[in-house]
Amino acid sequence: MLQAVLLLAIVAAEPSTPLDPVRKIEVDGRTRSYSFHVPPQYDPEKPTPVVLVFHGAATNCHFITHFSGVNKKADAAGFIAVYPNGTGLVNTLLTWNSGGLTHREADERPDDVKFVKRLLDDLAQVANIDPKRVYATGHSNGAMMCYRLAVELSDRIAAIAPVGGTMGVDVGESQRPVSVIHFHGTLDKLVPWNGPNGGTREFLTFKSVTDTVRTWASVNGCSEEPVIDSMPDKADDGTTVVRKNYGQGKDNAEVVLYVIEGGGHTWPGEKSPVAFLGKSTFDISANDLIWEFFQKHPMK
């Protein structure tokens, strides 16, 4: 049922003609693709920041482009927004191998970390990208992919901003500190705050929001106890927002959690395409906060 609803939303969001370039690359014998959006002020003579934006499960790059509204921020701030496509049976119902699968399921999935490596190499052939300012954000399954990249590709990803998705992988002891800004609704039905529940598919496993954030606070050498602030309740949308800042740790790495009280499986500051996903807060703009955070955390 959910996939059907999201598919209708994708069809509604799908442009009649692609507005941004689409690239195809070969990875392990499979053709993979991504689109990218270049801001109007792009100067090919200057290295430009890149923000990878990963779609959620059962959607694709076109859906997350509209769902997240990141292109508007890219145009205002001057970064290249990149929208990779996962894999699946049809082009509109794609997923990421983000961890959190049984061994059987995982063995059947492509190496999406390798895909991201190849994507960045390919993008560098057509755009002047700054390798010290490559960031990742994403929603749901795409947010989980951000965490996998922070663990397995920390030499190329400067910082991450997961939205509505937690960790499905373990962190090694030698993990480089990667700054994290995380957004999550307390009433998220698809990636529940406390981790898998009775409504979660049996082959999926992922950490709770609390365990995810505490893991990265520990990895980054941040405080165990955050500084907690209530954000101004600016919109009459049935939500409130609390910020938990775990402070700076090793190499000035940070961990910040935005708790969306009453929020659903949505992108803060953007209208949800379907009511089933729950409420979206307009007390904050995830895109503004993400870019502000990313600017503070280039690769050392």
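The values are calculated or read from the model by the stated rules, or taken from the named source; none is laboratory data. No experiment lies behind these values; they were computed from the predicted model shown. All Cβ positions, glycine included, derive from the backbone under ideal geometry; neighbour counts span all protein chains shown.
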message: I'm trying to understand the selection: among the residues of the stretch 60-87, which are of a type outside the set (A, V, I, L, M, F, W, C) and surrounded by 21 or more Cβ atoms within 10 Å (Cβ to Cβ)?
response: ASN60, HIS62, THR65, SER68, LYS73, TYR83, PRO84, ASN85, GLY86
- prompt: Could you give every pair whose Cβ atoms fall below 6 Å, whose first residue belongs to the stretch 280-292 and is within 17 Å of LEU187 (Cα to Cα), and whose second residue is basic (Lys, Arg) and not in a loop (DSSP other than H, G, I, E, B), counting only separations of at least 6 or pairs across chains?
  reply: none
message: Being in contact (Cβ under 8 Å) with a residue 40 or more places away in the chain, touching a Ser or Thr at 6+ places or on another chain (Cβ under 7 Å) and outside any loop (DSSP other than H, G, I, E, B) is true for just one of VAL82, VAL134, VAL51. Which residue is that?
response: VAL51
query: In the stretch 229-264, what residues are aliphatic (A, V, I, L, M) and assigned to a strand (DSSP E or B)?
result: VAL241, VAL242, VAL255, VAL256, LEU257, VAL259, ILE260
query: Any idea which residue in the stretch 260-273 is nearest to VAL213 (Cα to Cα), counting only those that are surrounded by 23 or more Cβ atoms within 10 Å (Cβ to Cβ) and of a type outside the set (Gly, Ala, Ser)?
result: ILE260
- prompt: Which condition number in (1) farther than 21 Å from HIS55 by Cβ; (2) of a type outside the set (Lys, Arg); (3) part of a helix (DSSP H, G or I) is the one that ASP283 fails?
  reply: (3)
query: Can you spot a residue in the stretch 150-163 that is free of Cβ contacts under 8 Å to residues at least 12 places away in the same chain and not hydroxyl-bearing (Ser, Thr, Tyr)?
result: no
query: Of all residues in the stretch 258-300, which are closer than 18 Å to TRP193 by Cα and touching a His at 6+ places or on another chain (Cβ under 9 Å)?
result: TYR258, VAL259, ILE260, GLY263, HIS265, THR266, TRP267, PHE276, LEU277, GLY278
Matching option when the condition is crowded, with 22+ Cβ neighbours inside 10 Å, at pLDDT below 95 and within 19 Å of GLY138 (Cβ to Cβ), among ALA57, ALA9, ALA13: ALA57
- request: Report yes if THR200 is modelled with pLDDT of 95 or more and of a type outside the set (A, V, I, L, M), otherwise no.
  value: no
message: It is to be established whether one or more residues within the stretch 208-228 are exposed (fewer than 15 other Cβ atoms within 10 Å of the Cβ), part of a strand (DSSP E or B) and out of contact with any Phe, Trp or Tyr (no Cβ under 7 Å at 6 or more places or on another chain).
response: yes
Boolean, THR266 is within 23 Å of PHE63 (Cβ to Cβ), modelled with pLDDT of 95 or more and touching a helix residue (DSSP H, G or I) at 6+ places or on another chain (Cβ under 8 Å): yes
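Matching residues to (1) closer than 20 Å to HIS139 by Cβ; (2) aliphatic (A, V, I, L, M); (3) touching a Pro at 6+ places or on another chain (Cβ under 7 Å):
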| position | (1), (2), (3) |
| --- | --- |
| GLN41 | no, no, no |
| VAL50 | yes, yes, no |
| THR65 | yes, no, no |
| SER68 | yes, no, no |
| ASN71 | yes, no, no |
| PHE79 | yes, no, yes |
| GLY86 | yes, no, no |
| LEU93 | yes, yes, no |
field: In the stretch 103-131, the residues that are among the acidic types (Asp, Glu) and in a helix (DSSP H, G or I)
entry: GLU105, ASP107, ASP112, ASP121, ASP122
